[in-house]
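Structure first, then comments.
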Amino acid sequence: MRVDDITEAIGETPLLRIDPAVHGLRNIDLYAKLELLNPFGSLKDRAAWSMVRPLLAGAAERGDTVVELSSGNTAKALALIAGMHGLPFKSVTNRMRIPEIKDLLLLLGAEIDELPGRSECLDPSDTDDPLTRMYQVLNESTAGFVHTDQYFNELNAEAHLNGTGPEIIKDLDGTAPDYFIACVGTAGSSTGVARALRRYNPDTRVIGLVAAKSDFIPGIRTIDEVHEVGLFEPGVYDAIETITADEAIDGLLTLVRRCGTLAGPTGGGAYQGAVSFLRTQDAVLKSRKTAVFIVCDRVEPYVSYLRERRPALFGRPPRPHSVSSLSPAELAAAPAVSVAAAPDFARRALVVDLRNPYAYQALHIDGSINIVDEVFAELLQAGLPFSRRQPVLLVCPVGEKSAAYAALLTRMGHPDVRSLDGGIIAWRDAGGELVRD
Ligand SMILES: Cc1ncc(COP(=O)(O)O)c(C=O)c1O
C-alpha cells in the first residue's frame, strides 16, 4: 500500500477471528477489531483525524496551537498530526498516570498541562475538577487554539459511524454482528459503531464496558463517571457492564500470549468483558451468533502499569501492602469514625488527607497533612509510614479510599487508624470546620 500522507493509512484495520479454543464459546463466533494497527497505534487515530482535519486550514498562518483534553491516545494522534502540519500541540489533562505515555508525548513535541485532579473523563458538572475549569476557559475563547473537543465533537463518533462500523459489516460479508462490545471513554467509538451496526441490524446488542468503582483502566471511564455528558448517551447501550483492572490484565494476557495481538489494557478488558457477557448468552442460544469487540490500543506503553499490578509477570516479588490484596471481609471491617466523633479523634491523631493537592488546598481539615493516595500507596510498600503509637485519621472525598487504606494499615499492625466515614463531603455537610491554604 503506497501512501503520500500517513493519515491515508488510518482505518481498514483487520477483523481477527478469535480461536474458539481460546474463548471457549460454543455458539458464538468472536471477532476482534484490531484498532491497535492504526498508524499512530489506536482507535483514536480515526477520531483525531476526523476532528482536526476541518480545522487545519489557516491554523499554521495564524500561529494556532492544537489543544485537547487527553492524557493518552487522542493526544498522541493529535501531536503527530499537528507536527505534520507545523502546529504545536498542547495536551491538557489531570495527572498523567502512565509515565511512558507522558514521555512519548514529550518526545513527540507535545506541551503537557498537567492538572491536579483525578477524573479520567471530563464531567462539566463537576466544577471542583480543574479539568472542568480548563474546559470552561477553552469554551469561552479558542483564540490562538484549534480545540478538537473530543468529549462533545460529533466528528469523533462520526469517524466510527463512517469508518469502523462499516468496515466490520464489510468484513462480516454484509451483516452486522449480533453483539458489539466496547470500552467507553469519550463514548465516540461505541456510539459511532453502534449507530452503523444498527442501520443494518436494529437488534444488534451493544454492551458498554467501564472500569469498576475506584479502579483505574487507562483510557476509559469508571462506573462513577457514567454521566450523561458529551457524546455519552445511555440509550446507545443495552447494558453497561463493569470490568476490573485485574480482568483487563487477564484479557490482555490472553490476547498477547494466545492470539498474537499486542493489546493494551482496554483491549484486554473488552475481550474479558465480552467473554464474560457472552458466556451468559452462549448456553441458551438456539442459533449461531456473531460478536465483535474492539482492541483499542497497544500494550507497550503500559509496562509500568502492568508491573505495578502484576510484579510476578516481570520476575519481581509481590507487593504485599496493596489495596488490591484486601479481601471483602477486611474491607467491611475497616475501622472508621463518624463525622460526629471525628473532631475529638482528630485532636489526638495525625490527619492524613489523601485527596489531590488542588482539592486539599481549596479546603481541608485544619492541621491535616496531604499525601496523595498514589504516593501513600508507595510509602506503604516500605512499611508503616508513621509510628504505631501515632493515632491516624485518614480522609478522602467520600470515605472509600480512606476505608481501604485503614483496612490495610490495620492488617499491617497499626492499632489505632480510622477512616473518616463519608469523607470530607460528609464532614463539610455536617458543618465541620475547613480551612483553605
Ligand atoms: C486505550 C483506550 N481504550 C478505549 C478508549 C475509549 O474510546 P472512546 O473515547 O471512543 O470511548 C480510549 C479512549 O481514549 C482509549 O484511549
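Quick note: the coordinates plus some simple rules give every number you see, no bench work behind them. Predicted model, so just to flag it, every value in this text is computed and none were measured. Note that we place each Cβ from the backbone using ideal geometry, even for glycine, and neighbour counts take in every protein chain shown.
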Rounded to two decimals, what is the ratio between the C-alpha radius of gyration of region 1-84 and 2.2 N^0.38 Å?
1.44
Karplus (6.51, -1.76, 1.60) ³J(HN,Hα), θ = phi - 60°, over region 207-223, in Hz, Gly and Pro reported as x:
10, x, 10, 10, 6, 5, 3, 6, 8, 10, 10, x, x, 10, 6, 9, 4
Dipole of region 45-150 (Lys/Arg Cβ +1, Asp/Glu Cβ -1, origin at the Cα centre): which of SER71, TYR135, VAL52 lies farthest to the positive side?
VAL52
Here the tail fraction of P(r) beyond 18 Å, over all Cα-Cα pairs of region 45-150, rounds in percent to 45 percent
Considering amide H positions built from the backbone, and no H for Pro or chain starts, which residues 5 or more places from LEU350, or on another chain, come under 5 Å of its amide H?
VAL392, LEU393
Name the residues whose placed amide hydrogens come within less than 5 Å of the amide hydrogen of THR65, ignoring near sequence neighbours (fewer than 5 apart) on the same chain.
PHE145, VAL146
Classified through the alpha carbon gyration tensor (a ≥ b ≥ c as square roots of its eigenvalues; rounded if a/c is under 1.5, else prolate when a/b is larger than b/c, else oblate), region 323-429 comes out rounded
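Charges at C-beta only: +1 for Lys and Arg, -1 for Asp and Glu. How large is the resulting dipole of region 45-150 about its Cα centre, in Debye rounded to 20?
So the magnitude is around 260 debye.
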Bridge orientation stat for the chain from DSSP, antiparallel percent rounded to 5, came to 10 percent
Counting DSSP beta bridges with both partners in region 45-150, what percentage is antiparallel, nearest 5?
0 percent
Highest mean first, what order results for 102-112, 12-22 on Cβ atoms within 10 Å?
102-112, 12-22
Excluding same-chain residues fewer than 8 positions from LYS213, which lysines have a Cα within less than 29 Å of its Cα?
LYS33, LYS44, LYS76, LYS102, LYS401
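May I ask you to work out the translational diffusion coefficient for the chain at 4 °C, viscosity 1.567 mPa s, via Stokes-Einstein with Rh from the Kirkwood sum over Cα pairs, reported in whole µm²/s?
For these conditions, the coefficient is 56 µm²/s.
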Isotropically averaged projected area of region 218-274, using the convex hull of Cα atoms (one quarter of hull area), nm²
4.3 nm²
Out of ALA159, THR186, LEU172, whose Cα points farthest toward the positive end of the dipole of region 142-187 (charges: +1 Lys, Arg; -1 Asp, Glu; placed on Cβ)?
THR186
Whole-Hz ³J(HN,Hα) from phi, Karplus 6.51 cos²θ - 1.76 cosθ + 1.60, for region 392-399, glycine and proline x:
10, 10, 9, 10, 9, x, 10, x
Tabulate in residue order the Karplus-calculated ³J(HN,Hα) for region 322-329, using 6.51 cos²θ - 1.76 cosθ + 1.60 with θ = phi - 60°, rounded to whole Hz; enter x for Gly and Pro.
10, 4, 5, 8, 6, 8, x, 5
Fraction of the pair-distance distribution of region 282-339 above 13 Å, Cα-Cα pairs, percent
78 percent
